[in-house]
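The values are calculated or read from the model by the stated rules, or taken from the named source; none is laboratory data. All values reported here derive from a predicted model rather than from experimental measurement. Note that each Cβ is placed from the backbone with ideal geometry, even for glycine, and that neighbours are counted across all protein chains shown.
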Amino acid sequence: MPSQERAVVEAEIGRILLEQWDPMNVRDSAEPYVGYAPYAHEVYSLLARGASDTQIARRLHQVERDDMHHPELATRDLSGLVRSLRTLERQI
């Protein structure tokens, strides 16, 4: 996939992360997508290589716990988020 198309899909992943995940509570900030860009890139790669729903949720929980220092979030159900992310697979 050309990098421009990948960038479009990653931007959509970032939007989904912002709307449905947002552990940093940046949804209302001036540059909300910037904070999740590295995670959108990583989620894209997980989807591209066929990661399971569990693998994707575990990675996001690991980010919440280790990168964002919110261990209290690491047990919440991310199945709806993962379902939304899966809708982008056909574009990858």
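Within the stretch 19-55, the residues that satisfy the criterion of being farther than 18 Å from Ser79 by Cβ, under 11 Å from the mean Cα position of the chain (by Cα) and at pLDDT 90 or above are Pro38, Ala40, His41, Glu42, Tyr44, Ser45. Arg76 fulfils the conditions (1) in a loop (DSSP other than H, G, I, E, B); (2) at pLDDT below 95; (3) within 17 Å of Arg6 (Cβ to Cβ) except for a single criterion, (3).
For the stretch 46-71, a residue qualifies if it is assigned to a helix (DSSP H, G or I), loosely packed, with under 14 Cβ neighbours inside 10 Å and among the small types (Gly, Ala, Ser), and exactly one does: Ala48. Is it the case that the stretch 72-85 has a residue that's exposed (fewer than 14 other Cβ atoms within 10 Å of the Cβ) and aliphatic (A, V, I, L, M)? Looking through the stretch 72-85, none of the residues is exposed (fewer than 14 other Cβ atoms within 10 Å of the Cβ) and aliphatic (A, V, I, L, M).
Residue-level analysis places Leu18 outside the set of residues that are crowded, with 16+ Cβ neighbours inside 10 Å and in contact (Cβ under 8 Å) with a residue 24 or more places away in the chain. Listed by first and then second residue, the pairs linking a residue in the stretch 63-86 that is free of Cβ contacts under 8 Å to residues at least 24 places away in the same chain and within 23 Å of Glu10 (Cα to Cα) to a residue that is of a type in the set (Ser, Thr, Tyr) and assigned to a helix (DSSP H, G or I), with Cβ atoms under 9 Å apart and 6 or more places separating them unless they lie on different chains, are Asp67/Tyr39.
Just so you know, in the stretch 6-15 the residues that are farther than 14 Å from Arg86 by Cβ and surrounded by 19 or more Cβ atoms within 10 Å (Cβ to Cβ) include one that is farthest from the chain's Cα centre (by Cα), and it is Glu10.
For the stretch 22-33, state whether one or more residues are among the basic types (Lys, Arg) and touching a residue at least 12 places away in the same chain (Cβ under 8 Å). Within the stretch 22-33, none of the residues are among the basic types (Lys, Arg) and touching a residue at least 12 places away in the same chain (Cβ under 8 Å).
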